[in-house]
1. What pairs come out if I take residues in the stretch 359-375 that are within 14 Å of ligand 2 (Cβ to nearest atom) and pair them with residues that are part of a helix (DSSP H, G or I) whose C-beta lies under 6 Å away, six or more apart or interchain?
2. Confirm whether Leu511 is away from ligand 1 (no atom under 14 Å from the Cβ) and under 26 Å from Ala328 (Cα atoms).
3. Restricting to the stretch 340-360, name every residue that is part of a helix (DSSP H, G or I) and either under 21 Å from the mean Cα position of the chain (by Cα) or closer than 16 Å to Ala379 by Cβ (or both).
4. Among the candidates Gln503, Gln494, single out the residue that is farther than 28 Å from Val316 by Cα, more than 16 Å from ligand 1 (Cβ to nearest atom), free of Cβ contacts under 8 Å to residues at least 12 places away in the same chain and surrounded by 12 or more Cβ atoms within 10 Å (Cβ to Cβ).
5. Which condition breaks for Glu168 when tested against (1) assigned by TED's automatic domain parsing to the domain that holds Val33; (2) open to solvent by 40 Å² or more (accessible area, probe 1.4 Å)?
6. Can you name every residue in the stretch 209-218 that is part of a helix (DSSP H, G or I) and free of Cβ contacts under 8 Å to residues at least 60 places away in the same chain?
7. Residue check: is Phe415 within 30 Å of Trp312 (Cα to Cα), modelled with pLDDT of 95 or more and within 16 Å of ligand 1 (Cβ to nearest atom)?
8. For the stretch 312-339, enumerate the residues that are closer than 22 Å to Ile427 by Cα and assigned to a loop (DSSP other than H, G, I, E, B).
Amino acid sequence: MSKPKRLVLILGDQLDRQSSALKDFDFKHDEVVMIESIPEAQVVLSHKAKIALFLSAMRHFAKELVGEGYAVHYVRDSKLSIVDTLKTLLKQKNITHLICVEPGEWRLKIAIEDLAKGSGLQLDMREDEHFYCSHREFREWAANKKELRLEFFYRLMRKTHNILLDKEGNPEGGQWNFDQDNRKPYPKSGPGIIEAPILFEPDEITKEVLAYVEENHSEHPGSLEHFRWPVNRDQALEALQYFVDYRLRNFGIYQDAMWTDTPYGWHSILSSSLNLKLLNPREVISTVLDAWKKYSLDLSTVEGFIRQILGWREFVRGMYYLDMPKMAQDNYYSHQRALPDWYWTGKTKMRCMQDAVGHTLKYGYAHHIQRLMVTGNFALLAEILPSAVCDWYLAVYVDAIEWVELPNTAGMALFANGGRFTSKPYIASGAYIKRMSNYCGGCQYKPDVRFGENACPVTTLYWNFLIKHRKQFDSNPRTRLMTANLKKINDADQSAIVEHAQQVLNNLNHL
Ligand SMILES: Cc1cc2nc3c(=O)[nH]c(=O)nc-3n(C[C@H](O)[C@H](O)[C@H](O)COP(=O)(O)OP(=O)(O)OC[C@H]3O[C@@H](n4cnc5c(N)ncnc54)[C@H](O)[C@@H]3O)c2cc1C
Ligand code: SF4
């Protein structure tokens, strides 16, 4: 009996030449399928740069495969979802065997499994070996834990993979975590000269994609003017090397710092390449470790960076698969307000939001503290419906894929799951933003004013939130200090804060 022809599905965020889906590819019989689906770009109204990055990277990847002799069926511009397109193809080609790597996105995994169940298709869904930690390992680690905390997971990962350990198996430098050294603002005079990140001029494939997106997705948010993302593996490797050679040295110390017109700071800007799987986290970590020795970099910077990749990135993926689909529906505080319009335009008088949203729309990028402590903090304090906030984050960042976006937004920024893996809600007043940036100097609001005409909306909403949730904050040793400060505000001022906060909340679109 002749061998059945198998289709190997490669999704847009699975552009990995070491993919387990390609391992036993039979060049005589098998065919790769890649699908550009219009509805997938509209699940949320994605930033134009995000659509362009996915399409360009997919087309580059397909071209490479063809160059190496793979048969590739590449579908452009499908009006159907990925799964419906696939269904049509399977029928047309009379295919009974489908191979794929488990999708990162839960919705798509279920949809592919359902397709197979309903059609008698033999589905071989393989483990995503890109990650250090498998779902099984994460589940085993999480089982029976009272608290699911990054720190303990991260230590386990360090030990399991022998990363940053000395000869006795203890953490390098005697500590697991150097976070305390990594939270400095820029000097008052500003960030000084920051080595600019490496940017890639669009080639012919990318130019074609940019024109296509501009024409076919004109109603989507964001700009394509500054599109310089790595779109293939060679560029991603170049970006990695450039980062460790020139920018890693100050990554740690200024990780949380913000400054006007400084979109990237000393950050790596590698998330999109990692999430598309153009880069493997193992090669990122080994390149960073090499640079540590070569340039005698501070351990705090190296550990701080590795914690993001080996710790947070693996941890949130584990949490996502552990808690889906519930994670997408959680709403601990029952917040229901609509997302202010200026999240889509940047048109607000608040300088900090202008900058964070402005960078986002311009580049499809904002760094972690802007996401967490500027736009995320505001969304929590302003009582926005978590699913609306999550849709925004999923739409506007080039690195946004649900497995990493949702836990960060719902879990970290919004506390929507009631602290399932964080010890407290991450909230801050304008005083934090003032300390960590130069935004407040140029703002019409005053960060230290809690109510009244010039009051900073972030500050007003912060105190209002504490007043409203005083009991919760009082009962947690990690937040008790915040409510202790509340006790220093007299009753009349607390009433004025609550009254002013109500005005702010009723007026969110016009701040
Ligand atoms: C509300 C919110 C939403 C987010 N949405 C996304 C998202 O959709 N996609 C995404 O990749 N990251 C997301 N993050 C995490 C983080 O902000 C980005 O990974 C980071 O800003 C990407 O920029 P960078 O590559 O310059 O990262 P760097 O600051 O240079 O960090 C290095 C790498 O570590 C990883 N990393 C860092 N922090 C995290 C984290 N909290 N979770 C997972 N990985 C991390 C990333 O792969 C990143 O490239 C989100 C964070 C918040 C607070
Ligand atoms: S004063 Fe408030 S709104 Fe203005 S930049 Fe500072 S924190 Fe943001």
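The values are calculated or read from the model by the stated rules, or taken from the named source; none is laboratory data. What you see is a predicted model, and the numbers here were worked out from it, not measured in a lab. Virtual Cβ from ideal backbone geometry, glycine too; neighbours counted across all protein chains shown. Heavy atoms of the whole protein, side chains included, go into the accessibility calculation; ligands, DNA and RNA do not. Shrake-Rupley method; radii C 1.70, N 1.55, O 1.52, S 1.80 Å.
1. Correct list of pairs: Gln370/Ala356; Val374/Cys352; Val374/Ala356; Thr375/Ala356.
2. On the way: away from ligand 1 (no atom under 14 Å from the Cβ): yes; under 26 Å from Ala328 (Cα atoms): no.
So Leu511 does not fit the description; no.
3. Within the stretch 340-360, the subset part of a helix (DSSP H, G or I) is 341-343, 351-360.
Passing the criteria: Asp341, Trp342, Tyr343, Cys352, Met353, Gln354, Asp355, Ala356, Val357, Gly358, His359, Thr360.
4. Of the residues listed, the single one that is farther than 28 Å from Val316 by Cα, more than 16 Å from ligand 1 (Cβ to nearest atom), free of Cβ contacts under 8 Å to residues at least 12 places away in the same chain and surrounded by 12 or more Cβ atoms within 10 Å (Cβ to Cβ) is Gln503.
5. Exception for Glu168: condition (1).
6. Ala211, Glu215
7. Values: within 30 Å of Trp312 (Cα to Cα): yes; modelled with pLDDT of 95 or more: yes; within 16 Å of ligand 1 (Cβ to nearest atom): yes.
For Phe415, the condition - within 30 Å of Trp312 (Cα to Cα), modelled with pLDDT of 95 or more and within 16 Å of ligand 1 (Cβ to nearest atom) - is met.
8. Asp330, Asn331, Tyr332, Tyr333, Ser334, His335, Gln336, Ala338, Leu339
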